[in-house]
1. Search the stretch 71-87 for residues that are within 16 Å of residue 11 (Cα to Cα) and open to solvent by 10 Å² or more (accessible area, probe 1.4 Å) and pair each with any residue that is at pLDDT 85 or above and among the polar types (S, T, N, Q) when their beta-carbon atoms are under 8 Å apart and the residues are at least 6 apart or on different chains.
2. Regarding the stretch 90-109, can at least one residue be identified that is open to solvent by 40 Å² or more (accessible area, probe 1.4 Å), within 19 Å of residue 58 (Cβ to Cβ) and not in a strand (DSSP E or B)?
3. Could we say that residue 94 is of a type outside the set (A, V, I, L, M) and touching a residue at least 40 places away in the same chain (Cβ under 8 Å) here?
4. Looking only at the stretch 23-70, filter to residues that are touching a Ser or Thr at 6+ places or on another chain (Cβ under 9 Å) and assigned to a helix (DSSP H, G or I); which one of those is most open to solvent (accessible area, probe 1.4 Å)?
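The values are calculated or read from the model by the stated rules, or taken from the named source; none is laboratory data. Values in this document were obtained by computation on a predicted structure and should not be read as measured data. Reconstructed Cβ throughout: ideal geometry from the backbone, glycine too, with neighbour counts over all protein chains shown. What goes into the accessible areas is simple: the full protein's heavy atoms, side chains included, and nothing from ligands, DNA or RNA. Shrake-Rupley method; radii C 1.70, N 1.55, O 1.52, S 1.80 Å.
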Amino acid sequence: MGTLENGSLWVNDIIPAGGEMSEVSCVFPPERLAEVAHDMIEGRIEGRIVGWYHSHPGHGLFLSQTDLDTHMRFYQFSPYAISLVVDPKSREFGIWIYENGVGVVQLPANLIHII
């Protein structure tokens, strides 16, 4: 969850999917997404959906084809949607965005600020 302010995307909160998970996949149930949307409409959640996150424990930082497909689905919520991938074993993370004319690209570290 986040906002777009002065040309910067601010991520303020995360909402866990609570779906099916295995070592190599996770599913964000459509019912959960509907619940989040309803909570936004009712004012229980502030901000807007600005992307999604998941982990690749011990597998590194990349977006699989399934991840790329999921990333593109988030453009229904925001043209500035991000994908955050965390590898908790290496303690690294990466953020991807869609760049017009190029496709999905990883943001360089100098554009990411953690406050």
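1. 74/83; 86/55
2. Checked against the condition, which is being open to solvent by 40 Å² or more (accessible area, probe 1.4 Å), within 19 Å of residue 58 (Cβ to Cβ) and not in a strand (DSSP E or B), the stretch 90-109 yields at least one hit.
3. Spelling it out, it is not the case that residue 94 is of a type outside the set (A, V, I, L, M) and touching a residue at least 40 places away in the same chain (Cβ under 8 Å).
4. 66
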